[in-house]
Amino acid sequence: MATLMQQFLEDGKQKRLNENKMLPLIEQIYSGYLTEDSWRKKESFAPSGLVYGSGACARRWYLSFTGTLHESKATPLNVANMSQGTASHERIQKAMRNSGVAKDIERPVRHSDPPIFGFADAIILWNGTLYVGEIKTTSQTAWEYRKKTGRAADYHLAQILMYMYILEIPNGVLIYESKDTQELHAIEVEMDDAGRELVERILDWCRRVYQAYKDGKVPERSFRKDSKVCKSCPVEKACLENSEPTTIKFERLDIKR
Ligand code: SF4
């Protein structure tokens, strides 16, 4: 069998492709990942959207509830990465079913006041205890950090705690998968006083934001125009173009326990 060094020498003899000439081909393939902007009107808050980036901005939710253009800000590589994540979710969910631990997959999570809707990845029965299960895929470095410290990311914790609270299941488990090795690591989450207080704070913020939308009160911006959050906000254009006078100020949603 050829050693690695022999392989390098063999490769060196090959006629190299003109990479610059092929760059447009790659760009063309990437363009196949892109999705169109679309007009959307949201009816409810999504827990996964609330805990990250522009989810903390009341104005973003106001615009989504009134109905507006939602820009597709994802780059081709973002889209490829997300679809890789979706495929990993489905593979792990299938393994949960096949191994017998899943009681349910994609359990709807509904709350009426304030309106919240989402799906928990799984409901798991393990050693006689029911858990809400959430799958998260991460880089190997982040996965090793989670394993070493036993600490979950704040926004993952806030999301699973919302599901646990609404579904009235006091136990949860965050299942982290390394994108490089597919190894899994589980972090158990218990609904304690701090967790309950966090979810109630989030619900209270959502209730006030939803009431403002119903009253036609336009929230002020929560982030600066040139911030990273606004640059990746799906309603950035609508936010900039909206000329309604702002009539209410909201603090940013705080998802830290
Ligand atoms: S662009 Fe920025 S300020 Fe405007 S809605 Fe989005 S996050 Fe809020």
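Close amide H contacts of Ser72 (hydrogens built in the peptide plane, cut-off under 5 Å, sequence separation of 5 or more or a different chain): Asp37, Ser38.
Where both bridge residues fall in the chain, DSSP classifies roughly 70% of the beta bridges as antiparallel. Name the shape class, rounded, prolate or oblate, that the alpha-carbon gyration tensor gives for the range 175-257, where a ≥ b ≥ c are the square roots of its eigenvalues, rounded holds for a/c under 1.5, and otherwise prolate holds if a/b is larger than b/c and oblate otherwise. Judged from the Cα gyration tensor, the range 175-257 comes out oblate (a/c at least 1.5, b/c at or above a/b). Across all Cα pairs in the chain, the calculated P(r) in 10 Å bins from zero up to the longest distance comes to 6, 24, 29, 23, 11, 6, 2, 0 percent per bin. Sparse packing (at most 16 other Cβ atoms within 10 Å of the Cβ) combined with a DSSP loop state is found for the following GluC sites (Glu not before Pro) in the range 23-102: Glu36, Glu43, Glu71. Over 32 Å apart at the Cα level, from the set Lys21/Lys136; Lys42/Lys94; Lys103/Lys249; Lys148/Lys256; Lys21/Lys94, are Lys21/Lys136; Lys103/Lys249; Lys21/Lys94.
Using a Gaussian network model of the chain in which every pair of alpha carbons under 10 angstrom is joined by a spring, one finds that among Leu167, Leu25, Leu203 the greatest mean-square fluctuation is at Leu25. Backbone phi angles across the range 183-190, fed through the Karplus curve with coefficients 6.51, -1.76 and 1.60 (θ = phi - 60°), yield HN-Hα couplings of 5, 10, 9, 10, 10, 7, 10, 10 Hz in residue order; Gly and Pro are listed as x. Taking amide hydrogens as placed 1.01 Å from N in the peptide plane, the amide H of Ala120 sits under 5 Å from those of Arg107, Val109, each at least 5 positions away in sequence or on another chain. Using all pairs of distinct alpha-carbon atoms, the Kirkwood hydrodynamic radius of the range 158-201 works out to 11.3 angstrom. Only Cα pairs within less than 10 Å get springs; with that Gaussian network setup on the chain, which residue of Asp37, Asp215, Asp154 has the largest fluctuation? Greatest mean-square fluctuation among the candidates belongs to Asp215. Note on the chain: GNM, Cα springs under 10 Å; of Ser64, Ser99, Ser88, the largest mean-square fluctuation is that of Ser99.
What does DSSP give for the range 149-257 in terms of the percent of beta bridges that are antiparallel, rounded to the nearest 5? Walk me through the numbers on the way to the answer.
Working: 7 of 8 bridges.
Taking every DSSP beta bridge with both residues in the range 149-257, the antiparallel ones total about 90 percent.
Given only helices, namely DSSP H runs of n ≥ 4 each adding -39500 (n - 2.57), what is the per-residue ellipticity at 222 nm of the chain, to the nearest 500 deg cm²/dmol? Mean residue ellipticity, 222 nm, calculated: -13500 deg cm²/dmol.
Relative to a virtual label point 7 Å from the Cα of Glu106 in the Cα→beta-carbon direction, which members of the range 112-133 show backbone nitrogen distances below 14 Å? Under 14 Å, as judged by backbone N against the label point of Glu106, lie 118-123 of the range 112-133.
Every number in this text was worked out from the coordinates using simple rules, so none of it is lab data. Computed from a prediction, not measured in an experiment: that's the story for all the values here. Please note: Cβ atoms are built from the backbone with ideal geometry, for glycine as well, and neighbour counts cover all protein chains shown.
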